[in-house]
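Below: the structure, in structure tokens.
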Amino acid sequence: MRDRIGNLTIKIDPSWVDLAEEFRRKPFGGHTPALQELLAVMRSRPIEGRYFLWLSKPHSEWTLAKMSETRPLKPILVGPTFTSIEEAEWHVFKLRWEALTGQQLEIS
Amino acid sequence: MIAIMGYADRRSVRVGELIQFKVSLDGAPVYKATVVRLLSPQTFPAPHAPEFRFDPMPCPFNGEHRGQNHGIPAGSYAEIPAHPKLTRLTTCTLAAFVWPTTPDKGEQAIMGNGDGPAGLGLVIDAEGRLALAVGAHRYALPRKLRQRRWSFVAAAVDAAAGTALVYAREVELFQFDVLGPLQQHFDRVPRPTPSERPFRIGAQSDRARAIRHYNGKIERPRVLGRALTYSELDRLALAGPTGPAHIDAIADWDFARDISSEVVRDVSPNALWGTTVNLPTRALIGSNWRAERHDWRAIPEQYGAIHFHDDDIYDCLWPTAFELTIPDGWKSGAYALRLEAGECEYWVPFFVRPKKGQAKARCAFLVPTCTYAAYANFRSRVEGRWNELYHGRVTVLDRTDFLMEEYPDLGSSTYDPHSDGSMTLYSSMLRPVTNYRPTGRIYKFCQDMFLIAWLEHAKIDYEVVTDDDLHDEGVDAISDYACVFTGSHPEYYTTRMLDAVEAFLRDGGRFMYLGGNGFYWQTAYHPTLPGVVEVRRGGQLFLASDVVGESNFSFTGEMAGSWNRVGRPPNLICGVGFDTQGFDTCAGYRRSQASRDPRAAFIFEGVDEEIVGDFGVLMGGAAGYEIDRYDVNFGSPRHALLLASSYGHSNIYDFAALGFTDLVPKLNEGDLDPLRADIVFFETPGGGAVFSVGSIAWSGSLSWNNFDNNIERITRNVLKRFIDPTPFQMPDGA
């Protein structure tokens, strides 16, 4: 479901830690339908203020960045810097989880 | 912040021919220029990807240069050269049909000869109202023009009496909520002073510059030699945009004429013709379109609207910084002008061909420059909301990607909306193109450098030809070669390009389609202007807000859309056609029984594995990004051998398969097996043959394990046989 401005409106339940574990194990590739829904919500927020990765060294180092809240978009480097794209992806997942549930993801 | 950018006047140049480079530098006094031969892309660290390599070429202008910022003159308009009948307008009537898309963006010029305190014009004022402008004075109607609604608008000036009449009336076109005529009379209007500037439609002069760009459509603008009365204006509004020149016309521009060109024809006896600047969009439905026919060639009089955009850009018109006549002895291949300023780097690639009639290699890389043009400045990759969703990954961007945000006038690709929300239909290479480089995202040009890296590593004697050449020269561009192979994504094809490849195959040519989602969109080059393509989606792309009735190219008149829709599916030329896409992971291929057929023995020589390409620099496989499948229902030849099919694609590949109608596909991986890339081989009746891999990611596997792998072997086997002159025989029964 989507609201009037196009945001997907699936409610994220902070108890769905199994989905977070699934994502951590395999950030890219096939996911269960439940995780697909969760990721669709995370990945379809408005572009303003959204996280992305700044290529700080060609295909070997990525720095967490955010789009500015207004257009034209400006990159805001917020860090940290990663040398693994999977780690960067997991870090963004955790930040979005917290933003959507209001709770930090407690996972070892 | 320092920014260096550039472009060239062409993408393809023969030895002995001239290429010109344009450079603009912002934020620094000097930059460094070096011409290099490109040998591989900037990609992942070893061991599986090639090292980034480029060789400096001896060139007289290699070295440091002083630079300056030349700016980008974005925004389209029509311009009629200064003529006394238009520069000295006093008593007159200005009239047109308009369909404004951003009436509230600030003052916009509809038409006029205004330049600072001089001249007069018809404008949308700062409050979104129709107004007469006389010098700095504004005489506005009390109501706003409505967005995306046709109105007849006019201003009649009586200079002797010092009066003016401003008039607007919405055009009735199926709607029930049309606003009727509104007029306002003004006294004490000063006499318009002469202007020395050209008459402009869609923008206003500020000395030589164009300012106050209008967003929206304009149809049948007229300048009449006397001040029309209210009832005369009413009659003109109801008469519509068609018909012969008005009896009082000083100028009467009929945009329904010369639709494929830059010409703006004045049908009055004064013949005050003009030209469009920066390619505003033509062949769009006008105020009188009745939704009965959908091809502008049949009823041009209902397609007499031109859509002007404040972000249209055809040619940046920067002065030539360097020109280079390609010296004898330079090998055919990929080259670039490398520009450096501070920490900023910019690449201007170009391709060198041998002199005409002097091709020596047996094979050629057909570089998909038409596709590069369609994607030029793919703004949605930075700004687009759905990018991350259908890529299945957090978006990765670098400084060069953000140049489009720092310099919005760089314009958009055919995947992006204009600033007013209408779709971009024209895309030019005569501007800096931020995604045409051997660095950054490994896609399009950058990925095609993998193929160059392999050709160099394998010491294959090759030459290059571009899509631009294939379109210009037809089959002659490739007929010297035994074998031609494509890049990773030859998605955009004109009729002439398809005809040329087909003629090449009928004459015994061999064709290796080493990519995915190829030959997909019908495309048009401009009939006279170099370096610009037109794409219309025919309502077939979820990103594109196509307008019904506007699915024929303005450049050629041909029906636009996918080649499937047009009636010439990619399967006919290469045996496979687009299946789906996904950019999160790539897969391997499983060989079929047909791969053991003696006809395919040469392909799999030295390849014992059942699974091939289950590795690669691009997301771990040779099959992925965008993939194609064999399907006789779309014209894949029945005698083709379906050699292998990919398997195990992720659910992200489900988005495109669903037609992007559902943003949350919910299939399990096992359900997705029908989505696949197919490797196909078939012979043609003239002794030729086709080999297709149906996957963009293929070339990303060539370099795996220091170029020692089954994808490399298969590609080399096919190329070796394809340059052998021994004719292929059609199989029995085919």
Notebook entry, point to check: In region A:43-63, which residue that is within 22 Å of B:G440 (Cα to Cα) and either touching a His at 6+ places or on another chain (Cβ under 7 Å) or hydroxyl-bearing (S, T, Y) (or both) is farthest from the other protein chains (Cβ to nearest Cβ)?
Noted result: A:T63
Note to self: What pairs come out if I take residues in region A:8-34 that are within 13 Å of chain B (Cβ to nearest Cβ) and pair them with residues that are buried (at least 18 other Cβ atoms within 10 Å of the Cβ) and assigned to a strand (DSSP E or B) whose C-beta lies under 7 Å away, six or more apart or interchain?
What the structure shows: A:F28/B:D584; A:F28/B:T585; A:G29/B:D584; A:G29/B:T585
Item checked: B:G357 within 14 Å of another protein chain (Cβ to nearest Cβ) and not β-branched (V, I, T) -> no
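So if I check each of B:C483, B:C446, which one is of a type in the set (A, V, I, L, M, F, W, C), within 30 Å of B:D312 (Cβ to Cβ) and buried (at least 20 other Cβ atoms within 10 Å of the Cβ)?
Only one candidate passes the filter, namely B:C446.
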Margin query: Every residue in region B:243-265 that is at pLDDT below 95 and either of a type in the set (G, A, S) or in contact with a Pro (Cβ under 9 Å, 6 or more places away or on another chain) (or both), please.
Written below: B:G243, B:A245
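When you check B:A155 against the structure, is it assigned by TED's automatic domain parsing to the domain that holds B:E292, over 23 Å from B:Q108 (Cα atoms) and out of contact with any Cys (no Cβ under 6 Å at 6 or more places or on another chain), yes or no? Break it down stepwise before answering.
Values: assigned by TED's automatic domain parsing to the domain that holds B:E292: yes; over 23 Å from B:Q108 (Cα atoms): no; out of contact with any Cys (no Cβ under 6 Å at 6 or more places or on another chain): yes.
Answer is no for this residue.
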Check: When both residues are 6+ apart or on different chains and their Cβ atoms are under 8 Å apart, which pairs have a first residue that lies in region B:691-714 and is more than 19 Å from B:I442 (Cα to Cα) and among the aromatic types (F, W, Y), and a second that is at pLDDT 95 or above and assigned to a helix (DSSP H, G or I)?
Finding: B:F691/B:V718; B:F691/B:F722
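Please work out if B:V576 is in contact with a Ser or Thr (Cβ under 8 Å, 6 or more places away or on another chain), closer than 16 Å to B:Y492 by Cα and touching a residue at least 40 places away in the same chain (Cβ under 8 Å). Can you show your working first?
Numbers: in contact with a Ser or Thr (Cβ under 8 Å, 6 or more places away or on another chain): yes; closer than 16 Å to B:Y492 by Cα: yes; touching a residue at least 40 places away in the same chain (Cβ under 8 Å): yes.
Yes.
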Check: In this structure, does A:L53 turn out to be surrounded by fewer than 19 Cβ atoms within 10 Å (Cβ to Cβ) and of a type in the set (A, V, I, L, M, F, W, C)?
Finding: no
Note to self: Just to verify a result, which residue in region B:231-280, among those that are of a type in the set (K, R) and without any contact (Cβ under 8 Å) to a residue 40 or more places away in the chain, is surrounded by the most Cβ atoms within 10 Å (Cβ to Cβ)?
What the structure shows: B:R265
Notebook entry, point to check: If you go through region B:258-281 one residue at a time, do you hit one that is charged (D, E, K, R), touching a Leu at 6+ places or on another chain (Cβ under 8 Å) and outside the structural domain of B:P527 (by TED's automatic domain parsing)?
Noted result: yes
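Working carefully through the options A:T81, A:T101, find the one that is more than 8 Å from chain B (Cβ to nearest Cβ), surrounded by fewer than 19 Cβ atoms within 10 Å (Cβ to Cβ), more than 30 Å from B:E343 (Cβ to Cβ) and of a type in the set (S, T, Y). It would help to see each step written out before you state the result.
On the way: A:T81 fails: more than 30 Å from B:E343 (Cβ to Cβ).
Only one candidate passes the filter, namely A:T101.
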Next item on the list: Report those strands (runs of 3 or more DSSP E) wholly inside region B:1-41 carrying at least 3 residues which are within 16 Å of B:L339 (Cα to Cα).
Entry: B:3-8, B:18-26, B:30-38
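What number of residues within region B:375-392 are in contact with a strand residue (DSSP E or B) (Cβ under 7 Å, 6 or more places away or on another chain) and crowded, with 22+ Cβ neighbours inside 10 Å? Quick ask: steps written out before the conclusion?
Of region B:375-392, the ones in contact with a strand residue (DSSP E or B) (Cβ under 7 Å, 6 or more places away or on another chain) are B:376, B:382, B:391-392.
Checking which are crowded, with 22+ Cβ neighbours inside 10 Å leaves us with B:376, B:382, B:392.
Residues that pass the stated criteria total 3.
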Next item on the list: Tell me, please, whether a residue that is under 30 Å from B:H246 (Cα atoms), touching a residue at least 60 places away in the same chain (Cβ under 8 Å) and surrounded by fewer than 21 Cβ atoms within 10 Å (Cβ to Cβ) can be found in region B:104-116.
Entry: yes
Next item on the list: Could you tell me which residue of region B:172-214 is farthest from the chain's Cα centre (by Cα), considering only residues that are surrounded by 12 or more Cβ atoms within 10 Å (Cβ to Cβ) and of a type in the set (S, T, N, Q)?
Entry: B:Q184
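Being among the hydrophobic types (A, V, I, L, M, F, W, C) and either assigned to a loop (DSSP other than H, G, I, E, B) or more than 32 Å from the chain's Cα centre (by Cα) (or both) is the filter here, so list the residues in region B:683-705 that pass it. Walk me through it before giving the result.
The initial filter retains those residues of region B:683-705 that are among the hydrophobic types (A, V, I, L, M, F, W, C), namely B:689-691, B:693, B:696-698, B:702, B:704.
Within region B:683-705, B:V693, B:L702, B:W704 meet the criteria.
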Item checked: Count - residues of region B:442-451 that are within 13 Å of another protein chain (Cβ to nearest Cβ), under 19 Å from the mean Cα position of the chain (by Cα) and either of a type in the set (D, E) or assigned to a loop (DSSP other than H, G, I, E, B) (or both) -> 1
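When you check A:A40 against the structure, is it closer than 24 Å to B:C446 by Cβ, under 15 Å from the mean Cα position of the chain (by Cα) and at the interface with another protein chain (Cβ under 9 Å from one of its Cβ atoms), yes or no?
Details: closer than 24 Å to B:C446 by Cβ: no; under 15 Å from the mean Cα position of the chain (by Cα): yes; at the interface with another protein chain (Cβ under 9 Å from one of its Cβ atoms): yes.
Answer is no for this residue.
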Check: Filtering region B:394-409 down to residues that are touching a residue at least 24 places away in the same chain (Cβ under 8 Å) and part of a helix (DSSP H, G or I), which residue is nearest to the other protein chains (Cβ to nearest Cβ)?
Finding: B:P408
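Using the structure shown, decide if B:P100 is of a type outside the set (A, V, I, L, M, F, W, C) and more than 27 Å from B:G286 (Cα to Cα).
Working: of a type outside the set (A, V, I, L, M, F, W, C): yes; more than 27 Å from B:G286 (Cα to Cα): no.
In short, no.
Quick check on region B:1-44: of everything there that is basic (K, R) and surrounded by 22 or more Cβ atoms within 10 Å (Cβ to Cβ), which residue is farthest from B:C370 (Cα to Cα)?
B:K22
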Check: Inside region B:196-224, can you point out the residues that are modelled with pLDDT of 95 or more and not in a strand (DSSP E or B)?
Finding: B:P198, B:G202, B:A203, B:R212, B:H213, B:Y214, B:N215
Checklist line | Count of region B:246-274 residues which are touching a strand residue (DSSP E or B) at 6+ places or on another chain (Cβ under 7 Å), among the charged types (D, E, K, R) and within 26 Å of B:P527 (Cα to Cα) | finding: 5
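The values are calculated or read from the model by the stated rules, or taken from the named source; none is laboratory data. What you see is a predicted model; the values in this text were computed from it and never measured. Cβ: placed from backbone, ideal geometry, glycine included. Neighbour counts: every protein chain shown.
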